[in-house]
Structures are given as structure tokens and as C-alpha cells.
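The values are calculated or read from the model by the stated rules, or taken from the named source; none is laboratory data. What you see is a predicted model, and the numbers here were worked out from it, not measured in a lab. Cβ coordinates were reconstructed from backbone atoms using ideal geometry, including for glycine residues, and neighbour counts include every protein chain displayed. Just so you know, the surface numbers come from the protein's heavy atoms only, side chains and all, with ligands and any DNA or RNA stripped out. Shrake-Rupley method; radii C 1.70, N 1.55, O 1.52, S 1.80 Å.
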Amino acid sequence: MIMSGEHSLFPTYGRYSVSLVKGEGSWLWDDQGNKYLDFMCGLAVTNLGHVPQTVKEALVKQLDELWHVSNLFHIPGQEAAAKLLTDNTCADAVFFCNSGAEANEAAIKLARRYHQKVLGTGRYEVISFHQSFHGRTLATLTATGQQKVKEGFLPLPAGFVTVPLHDEAALKAAVSDNTAAIMIEMVQAEGGVHPVKPEFMQFIVKLCQDNGLLLIIDEVQTGMGRTGKLFAHEHYGIEPDIFTVAKGVGSGFPVGAMLGKEKLREAFSAGSHGTTFGGTPIASAVVKATVETIIGNKVPQRALEAGNYLMGQLREKLAGNPFVKDIRGLGLMIGIECAEPVADIVTEARNRGLLVVTAGPDVVRLLPNLLVTNEEIDEAVRVLAEVLAEKTVAAS
Ligand SMILES: *Cc1c(COP(=O)(O)O)cnc(C)c1O
């Protein structure tokens with residue numbers, strides 16, 4: 001019997017019965033010719049919209065010149081991309097890799113290595129938070145504060161502790177002589193769109209200072225302008241020792257990066273960490289063009305304005321809907337918490353041409369591209385208000 005190609009894949013995703021074949025800006029088309037307004041962006045990846053011209057031009061130019069060389073050589077494009085990132089952030093050094101999980105893995109390794117090789121403290125433990133998401137490698141799924149990503153993968157690596165978010169006493173109690181670092185997302189994204197409270201962040205910064213801990217911020221989803229600043233930690237006026245980026249930094253090309261402070265540089269000597277594909281000429285050209293476009297066009301500022309507009313419209317148009325429990329977020333990462341699971345809302349929105357995604361069972365997550373227009377926002381809010389209103393009627 002001839003099966004469809006789907007049968008040739010491990011069933012690791014519950015896929016929608018839609019095949020998207022073309023994208024432009026905020027819009028996607030499926031193989032049946034249906035058009036969709038994209039408010040999920042491949043999960044916060046296509047921050048400049050689909051097929052952004054500046055990035056496409058840089059990619060096409062690089063495709064004609066050189067695709068891949070080993071990191072045993074200098075790669076001028078990689079150095080240029082790194083300089084662009086260090087010139088525009090609090091970081092001094094960059095390690096390029098291929099995904100968010102790999103960037104976080106590098107961060108965990110760097111924190112351990114700094115304590116063990118530079119400071120000689122021998123510390124190794126990383127404290128992270130309930131409902132966090134840090135990736136799918138064995139180390140990063142262990143750091144992830146959600147049971148569902150850990151099931152069936154025992155034994156998990158040692159050296160990880162999770163505590164409730166915003167619980168100062170529990171966090172303080174978790175710090176021991178083995179603690180090397182605290183790892184946190186500025187807005188818990190997969191965990192339900194929960195921005196970290198500024199007072200709690202200040203508590204963490206002080207705790208790190210007092211105990212000689214490194215602060216690692218996972219900006220894989222919040223980074224690259226998503227929250228209205230280039231990186232979300234800028235909202236908090238803090239400087240992490242290490243932060244990670246992936247999703248939005250490649251406009252859809254698979255890249256990740258770990259960025260760190262000067263004092264950490266010596267912890268990674270030649271041969272201590274690496275990856276074949278990190279920062280290849282192609283990946284570097286894409287990162288450089290993406291970052292240049294985001295900074296040069298003041299895209300984070302636009303994301304802030306669009307986010308305020310979207311939030312205002314949602315608050316207005318969903319006001320009084322008893323099914324809607326909370327609307328929260330930062331910039332263009334917004335969650336609508338509902339009274340019941342929202343999988344059917346996501347499906348119904350898609351049937352009406354709007355792509356959104358869940359964040360945990362009860363939250364509808366909106367992640368439009370950062371150049372989304374007010375008209376596109378109006379259209380998305382109209383569909384959501386319609387779907388949520390029908391849901392309320394059906395429930396009553
Ligand atoms: C998506 C995500 C990751 C994992 O990134 P991958 O590229 O899928 O490995 C890690 N942390 C956060 C906050 C994420 O949103």
C-alpha cells in the first residue's frame with residue numbers, strides 16, 4: 001500500500017490539515033489557494049514578515065559566493081554579524097549555533113565551565129522556573145519547568161532545579177554551594193505569556209550579585225524586537241551575563257546564538273565547544289541582514305507601537321466577554337487567557353483565515369510580524385472577537 005509522505009515522518013507534531021506553500025509579509029497561502037493572516041509567524045521566527053527583501057537579497061548574494069567552510073577558518077561574515085550584535089547589546093562575545101536549544105545548551109555549558117575552569121568553584125547547578133521553556137535537548141528539557149517535555153526521557157541529567165516564578169523565598173532557598181546560574185525568560189512564552197515582574201527581576205539580579213551566580217536570560221522567543229526592544233531584558237534595565245537568541249535572528253533560516261560578557265570569554269578556549277554549522281557564511285549573511293534591518297528600520301519601536309495598538313483593540317473589542325479572563329503581554333507577544341481550553345478557538349480562527357497559536361491549554365498567543373499594519377491588526381481582532389463571541393454564546 002502506498003502511504004502519503006506523512007507516514008515517512010516520526011509523528012512528533014499534531015499537524016493541522018493545511019499545507020502552506022507561499023508567504024509574503026503578513027500573509028500566507030495554502031496549496032488550495034486559501035489566504036491566511038499570519039499572527040503566529042512560525043512561532044516568533046519571521047519577525048520581518050515572510051520573505052523580507054533585504055534578507056533575501058543578502059542570502060541570494062551569498063548563495064552565489066560561498067555556502068560553507070569550517071570554523072577552523074576566519075569567517076568574515078560571522079565576525080561582522082557578531083560585531084553587529086555586540087555593538088548593539090550589553091554582550092561582548094558571541095557563539096553561533098543553529099537553534100534555540102543549542103544556544104541554551106551553550107549557555108549552560110559556559111556557566112559550568114566559567115565556574116569550574118575560571119573561578120575554580122566547581123559549581124554546576126542551574127536554577128530555572130516552573131512553566132519555563134528552554135528547548136528539547138536533554139539538558140535544556142531538564143531546565144524546562146514543564147513535566148510534559150520530560151516524560152519518557154529518564155534519567156535526566158543532574159544539576160538542574162526548578163522553582164515557582166515570582167516566589168522569592170523558594171528561589172533563595174534553592175541557591176546552594178553548587179549553584180552556578182539562574183536561567184529565565186523575560187516573558188514566559190510557551191508557558192502562557194507571563195511577563196516577569198520587574199521587582200522579581202531586581203531580586204534575581206541582587207541574588208546573583210550576592211552569591212556569585214551568573215544570570216542567563218533566554219531571549220530565544222522574546223529577542224529581536226519582539227517585545228518592543230531589541231532584547232526584552234532592556235525593558236528591565238538589567239544586563240545579563242549571558243543571553244540566548246534564535247527564532248527571530250534568522251528570519252526563518254535556522255540559526256541560534258549565545259551572547260556573553262567579557263569576563264566569560266576565557267572560559268571557552270579553542271576546542272572547548274563547537275558545532276559544524278554554527279555561523280556558516282550563509283547563516284551569517286542572513287543574521288547580519290536581519291539584525292541590520294531590525295536596527296536600521298527601528299523595528300523594535302514599531303513593534304512597541306503595534307503592540308500597544310493591538311493590546312488596546314483587544315481590550316476594547318473583547319471587553320465584557322466572560323470567556324476572556326486576561327489579556328497580557330509585552331510588545332507583540334500577547335496572550336489572551338480564556339476560561340477553558342482554546343484549541344477549538346485556534347482552529348476556528350484558522351478556518352476564518354487567521355493563524356494564531358496556543359501557549360499552554362488556556363491561552364491564545366498572538367505573534368504577528370513586527371511590521372504588521374494597523375489594518376491587519378484590525379482584521380485579526382475582528383476575527384478573534386467574532387470567534388470568542390460565538391464561543392461565549394455556545395457556552396451559555
Ligand atoms: C523555542 C524556544 C526554545 C527552543 O528553540 P529551538 O530553536 O526550538 O531549539 C528555547 N527557549 C525559548 C524561550 C523558546 O521559545
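For every residue, the table says whether it meets (1) touching a Ser or Thr at 6+ places or on another chain (Cβ under 9 Å); (2) within 16 Å of the ligand (Cβ to nearest atom); (3) among the polar types (S, T, N, Q).
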{"residue": "Ala58", "(1), (2), (3)": "yes, no, no"}
{"residue": "Leu63", "(1), (2), (3)": "no, no, no"}
{"residue": "Ile75", "(1), (2), (3)": "yes, no, no"}
{"residue": "Gln78", "(1), (2), (3)": "yes, no, yes"}
{"residue": "Lys83", "(1), (2), (3)": "no, no, no"}
{"residue": "Asp87", "(1), (2), (3)": "no, no, no"}
{"residue": "Ala91", "(1), (2), (3)": "no, no, no"}
{"residue": "Glu105", "(1), (2), (3)": "yes, yes, no"}
{"residue": "Arg112", "(1), (2), (3)": "no, no, no"}
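Please name all residue pairs, on different chains or six or more residues apart, with Cβ atoms under 6 Å, provided the first residue is in the stretch 245-259 and is among the basic types (Lys, Arg) and the second residue is within 11 Å of the ligand (Cβ to nearest atom).
Listed by first residue and then by second, the contacts come to Lys247/Ala44; Lys247/Val45; Lys247/Val220; Lys247/Gln221.
If you check Thr244 against the conditions, is it under 15 Å from Ala103 (Cβ atoms) and surrounded by fewer than 20 Cβ atoms within 10 Å (Cβ to Cβ)?
Working: under 15 Å from Ala103 (Cβ atoms): yes; surrounded by fewer than 20 Cβ atoms within 10 Å (Cβ to Cβ): no.
Answer is no for this residue.
Residue check, Met40 against (1) open to solvent by 30 Å² or more (accessible area, probe 1.4 Å); (2) in the same structural domain as Lys229 (by TED's automatic domain parsing); (3) within 16 Å of the ligand (Cβ to nearest atom); (4) aliphatic (A, V, I, L, M), all met but one. Which one?
Unmet for Met40, out of (1) open to solvent by 30 Å² or more (accessible area, probe 1.4 Å); (2) in the same structural domain as Lys229 (by TED's automatic domain parsing); (3) within 16 Å of the ligand (Cβ to nearest atom); (4) aliphatic (A, V, I, L, M): (2).
Could you say whether any residue in the stretch 12-32 is within 16 Å of the ligand (Cβ to nearest atom) and of a type in the set (Phe, Trp, Tyr)?
Checked against the condition, which is being within 16 Å of the ligand (Cβ to nearest atom) and of a type in the set (Phe, Trp, Tyr), the stretch 12-32 yields at least one hit.
Out of (1) out of contact with any helix residue (DSSP H, G or I) (no Cβ under 6 Å at 6 or more places or on another chain); (2) hydrophobic (A, V, I, L, M, F, W, C); (3) not in a helix (DSSP H, G or I), what's the single condition that is false for Leu215?
The failed condition is (1).
Identify, from the list Lys35, Lys22, the residue that is basic (Lys, Arg), touching a residue at least 60 places away in the same chain (Cβ under 8 Å) and within 25 Å of Leu366 (Cα to Cα).
Lys35
From (1) in a strand (DSSP E or B); (2) more than 16 Å from the ligand (Cβ to nearest atom), pick out the condition that doesn't hold for Val126.
(2)
Quick grid of which residues meet (1) open to solvent by 10 Å² or more (accessible area, probe 1.4 Å); (2) at pLDDT 95 or above; (3) of a type outside the set (Val, Ile, Thr):
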| residue | (1), (2), (3) |
| --- | --- |
| Val291 | no, yes, no |
| Gly296 | yes, yes, yes |
| Lys325 | yes, yes, yes |
| Leu332 | no, yes, yes |
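Just wondering, is there one or more residues in the stretch 69-90 that are in contact with a strand residue (DSSP E or B) (Cβ under 7 Å, 6 or more places away or on another chain) and in a loop (DSSP other than H, G, I, E, B)?
Step one: list which residues in the stretch 69-90 are in contact with a strand residue (DSSP E or B) (Cβ under 7 Å, 6 or more places away or on another chain), which gives 78, 82, 85-86, 89.
After this cut, where a residue has to be in a loop (DSSP other than H, G, I, E, B) as well, the list is 89.
Within the stretch 69-90, one or more residues are in contact with a strand residue (DSSP E or B) (Cβ under 7 Å, 6 or more places away or on another chain) and in a loop (DSSP other than H, G, I, E, B).
Going by the structure shown, is Phe200 in a strand (DSSP E or B) and out of contact with any helix residue (DSSP H, G or I) (no Cβ under 6 Å at 6 or more places or on another chain)?
Criteria not met by Phe200.
Condition (residue is in contact (Cβ under 8 Å) with a residue 12 or more places away in the chain, open to solvent by 10 Å² or more (accessible area, probe 1.4 Å), in contact with a strand residue (DSSP E or B) (Cβ under 8 Å, 6 or more places away or on another chain) and of a type in the set (D, E, K, R)) applied to the stretch 157-178: is it met by at least one residue?
The answer is no, given that none of the residues of the stretch 157-178 is in contact (Cβ under 8 Å) with a residue 12 or more places away in the chain, open to solvent by 10 Å² or more (accessible area, probe 1.4 Å), in contact with a strand residue (DSSP E or B) (Cβ under 8 Å, 6 or more places away or on another chain) and of a type in the set (D, E, K, R).
In the set Lys206, Lys172, Lys229, Lys263, which member is of a type in the set (Lys, Arg) and under 21 Å from the mean Cα position of the chain (by Cα)?
Numbers: Lys206 fails: under 21 Å from the mean Cα position of the chain (by Cα); Lys172 fails: under 21 Å from the mean Cα position of the chain (by Cα); Lys263 fails: under 21 Å from the mean Cα position of the chain (by Cα).
The conditions single out Lys229.
I need a count of the residues in the stretch 202-232 that are without any contact (Cβ under 8 Å) to a residue 60 or more places away in the chain, over 14 Å from Ser128 (Cβ atoms) and within 16 Å of the ligand (Cβ to nearest atom).
Residues flagged as without any contact (Cβ under 8 Å) to a residue 60 or more places away in the chain, over 14 Å from Ser128 (Cβ atoms) and within 16 Å of the ligand (Cβ to nearest atom) within the stretch 202-232 amount to 2.
Residue by residue, here is whether (1) touching a helix residue (DSSP H, G or I) at 6+ places or on another chain (Cβ under 8 Å); (2) among the polar types (S, T, N, Q); (3) farther than 18 Å from Gly250 by Cα holds:
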position	(1), (2), (3)
Tyr13	no, no, yes
Lys61	yes, no, no
His68	yes, no, no
Gly77	yes, no, no
Leu84	yes, no, no
Ala93	yes, no, yes
Glu102	no, no, no
Gly120	no, no, yes
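Quick test for you: out of Val364, Val372, Val346, pick the one residue that is in contact with a Ser or Thr (Cβ under 7 Å, 6 or more places away or on another chain) and part of a strand (DSSP E or B).
Selected residue: Val364, the only one of Val364, Val372, Val346 that is in contact with a Ser or Thr (Cβ under 7 Å, 6 or more places away or on another chain) and part of a strand (DSSP E or B).
Does Leu141 satisfy being in a helix (DSSP H, G or I), under 23 Å from the mean Cα position of the chain (by Cα), in the same structural domain as Asp167 (by TED's automatic domain parsing) and within 16 Å of the ligand (Cβ to nearest atom)?
yes
Go through (1) outside the structural domain of Val18 (by TED's automatic domain parsing); (2) in a helix (DSSP H, G or I); (3) open to solvent by 10 Å² or more (accessible area, probe 1.4 Å); (4) touching a strand residue (DSSP E or B) at 6+ places or on another chain (Cβ under 7 Å) and name the single condition Ala283 misses.
Result: Ala283 passes all but (3).
Of everything in the stretch 238-277, what is among the small types (Gly, Ala, Ser), away from the ligand (no atom under 13 Å from the Cβ) and under 21 Å from Asp87 (Cα atoms)? Give them in sequence order.
Passing the criteria: Ser251, Gly260.
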